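J.: Would you mind keeping the following structure in view while I ask a few things?
The values are calculated or read from the model by the stated rules, or taken from the named source; none is laboratory data. Not measured: the values here are computed from a predicted model. Ideal geometry is used to build each Cβ from the backbone, glycine not excepted, and the neighbour counts take in all protein chains shown.
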Amino acid sequence: MNGECNGIVHKIEAGDTLYKLSRRYGVKLIDIMRENPYLNVYNLRIGDEICIPTVDDTMRDYYMVKGNQTIGDVAKDMNTSISRMFEYNRELMDIRVPVGMVLRIPPED
């Protein structure tokens, strides 16, 4: 990586793709590409460093999940909604639901 990074410097690991990184960090794919203009998106190499643009981290709070907490528990503890938790933690959308779990589907609006 050349120059200054206005965000997080991420070291490429096995299996990383720009799409996966955009989901992991909650940023748009195009913003990662814009921040790394000389990046060959078809040839990411393990150990390469790229810049992941982020919003000002002073505007964010962080919370480390403790044993057996649910997203609902954390949202309640932090006085926010589950939908806001998903908005700021897009990687939660990729968590697998256990096989056989029965889900309630809300009625159409």
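J.: Report, by residue number, each residue of region 23-56 that is of a type in the set (D, E), in a loop (DSSP other than H, G, I, E, B) and free of Cβ contacts under 8 Å to residues at least 24 places away in the same chain. If you could, list the steps in order and put the result at the bottom.
T.: Let us first name the residues in region 23-56 that are of a type in the set (D, E), namely 31, 35, 48-49, 56.
When the remaining residues are screened for being in a loop (DSSP other than H, G, I, E, B), the result is 48, 56.
Within region 23-56, D56 is the sole residue that qualifies.
J.: Shifting gears a bit: When K20 is evaluated against the numbered criteria (1) over 18 Å from D94 (Cα atoms); (2) at pLDDT 90 or above; (3) outside any loop (DSSP other than H, G, I, E, B), which criterion, by number, is the only one it fails?
T.: It fails just one condition, (1).
J.: Restricting attention to region 40-66, and to residues there that are of a type in the set (S, T, N, Q) and modelled with pLDDT under 80, which single residue is nearest to M78 (Cα to Cα)? Lay out the reasoning, then the answer.
T.: If we filter region 40-66 for residues that are of a type in the set (S, T, N, Q), which is where we start, we get 40, 43, 54, 58.
Okay, now just the ones that are also modelled with pLDDT under 80, so 54, 58.
Numbers: T54: 22, T58: 17 Å.
Restricting to residues being of a type in the set (S, T, N, Q) and modelled with pLDDT under 80, the top hit is T58.
J.: Of all residues in region 67-93 being basic (K, R) and modelled with pLDDT under 90, which is surrounded by the fewest Cβ atoms within 10 Å (Cβ to Cβ)?
T.: Filtering region 67-93 for residues basic (K, R) gives 76, 84, 90.
Subset that is modelled with pLDDT under 90: 84, 90.
Numbers: R84: 11, R90: 14.
Once the filter is applied, the top-ranked residue is R84.
J.: In addition: Give the residue that is nearest to D48 (Cα to Cα), with candidates limited to residues of region 14-28 that are more than 11 Å from the chain's Cα centre (by Cα) and surrounded by 15 or more Cβ atoms within 10 Å (Cβ to Cβ).
T.: Let us first name the residues in region 14-28 that are more than 11 Å from the chain's Cα centre (by Cα), namely 14-18.
If we keep only those that are surrounded by 15 or more Cβ atoms within 10 Å (Cβ to Cβ) as well, we get 16, 18.
Working: D16: 11, L18: 13 Å.
This residue is D16.
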